[in-house]
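What follows is a single structure, written as structure tokens, with notes after it.
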Amino acid sequence: MSAPQTQLHHPLRSQRLNAVTHAPHERLEALVKAREPFASRDNFARFVAAQYLFQYDLQHLYASPVLAAHVEDLPARCRVEAARLDLADFGVPVPAGDDSIRAREMGLGEALAWIFVSEGSKLGAEFLFKKAAALELNEQFGARHLAAPEGGRAQGWKAFVKALDGLALDAEQERKAEAAAIEAFERFGAHLERCFG
């Protein structure tokens, strides 16, 4: 799956990835809304479980020294531990992740495209974090994984995008990065479906 060529003429890689993932992003937002994660704490705990599974998929990428050479403070950006602690707050067992993503060999562009989706979600998490407050959840209980990172959401995103846009990739690597970003959105959707049953 790829975006029409007219969408891919953005000069910056981050803009091209935003364009190519527009439709899967909208589908995922609709799926989240349909599952009503803020209707109850039970629903929200299911949402956290999906977040945990997605962060589990990416944990090895955040820990990669090769990727960390390109992105400042990369290991600290991972939210798998925050999601695990949130699940513990709700008394919910940590779901077993599979290793299908971890087992892959990924090029630099592919790996950072997966992280692009995760890092981009931190911007939208500001809205989700405010909604979680209605369930009396916060950065100390139940909603750690949605809390703003140290230094703020915008600063962290700008630093990541600068690194992403500064990479030198060939045409095939660009294609794989675009495919990986689309797959990342679809993967999170699959986790949501699993956790909400």
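The values are calculated or read from the model by the stated rules, or taken from the named source; none is laboratory data. Keep in mind that this is a model prediction, so the values were computed, not measured. Note that we place each Cβ from the backbone using ideal geometry, even for glycine, and neighbour counts take in every protein chain shown.
Within segment 165-195, being of a type in the set (Asp, Glu) and over 25 Å from Phe47 (Cα atoms) holds for Asp165, Asp170, Glu172, Glu174, Glu178. Of the candidates Leu58, Leu87, the single residue that is in a helix (DSSP H, G or I), in contact (Cβ under 8 Å) with a residue 40 or more places away in the chain and surrounded by fewer than 22 Cβ atoms within 10 Å (Cβ to Cβ) is Leu87. Count of segment 165-197 residues, restricted to those that are in a loop (DSSP other than H, G, I, E, B) and either among the small types (Gly, Ala, Ser) or surrounded by 16 or more Cβ atoms within 10 Å (Cβ to Cβ) (or both), is 4. When segment 1-44 is limited to residues that are assigned to a helix (DSSP H, G or I), over 20 Å from the mean Cα position of the chain (by Cα) and not basic (Lys, Arg), the one that is modelled with the lowest pLDDT turns out to be Thr6. Scanning segment 97-134 for residues that are in a helix (DSSP H, G or I), surrounded by fewer than 14 Cβ atoms within 10 Å (Cβ to Cβ) and over 14 Å from the mean Cα position of the chain (by Cα) gives Phe127, Lys130, Ala133, Ala134. Of the candidates Gly151, Gly156, the single residue that is in a helix (DSSP H, G or I) and at pLDDT below 95 is Gly156. Do we have any residue at all in segment 146-156 that's more than 17 Å from His25 (Cα to Cα) and touching a strand residue (DSSP E or B) at 6+ places or on another chain (Cβ under 8 Å)? Yes, there is a match, as at least one residue in segment 146-156 is more than 17 Å from His25 (Cα to Cα) and touching a strand residue (DSSP E or B) at 6+ places or on another chain (Cβ under 8 Å). Being of a type outside the set (Val, Ile, Thr), over 16 Å from Arg187 (Cβ atoms) and at pLDDT 95 or above is the requirement here; does Pro93 meet it? Considered against the rule, which asks whether it is of a type outside the set (Val, Ile, Thr), over 16 Å from Arg187 (Cβ atoms) and at pLDDT 95 or above, Pro93 comes out as yes. Candidates in segment 135-164 are the residues that are buried (at least 20 other Cβ atoms within 10 Å of the Cβ) and under 17 Å from Ser40 (Cβ atoms); of these, the one that is nearest to the chain's Cα centre (by Cα) is Leu146. Residues in segment 72-84 that are under 20 Å from Gly109 (Cβ atoms) and at pLDDT below 95: Glu72 only.
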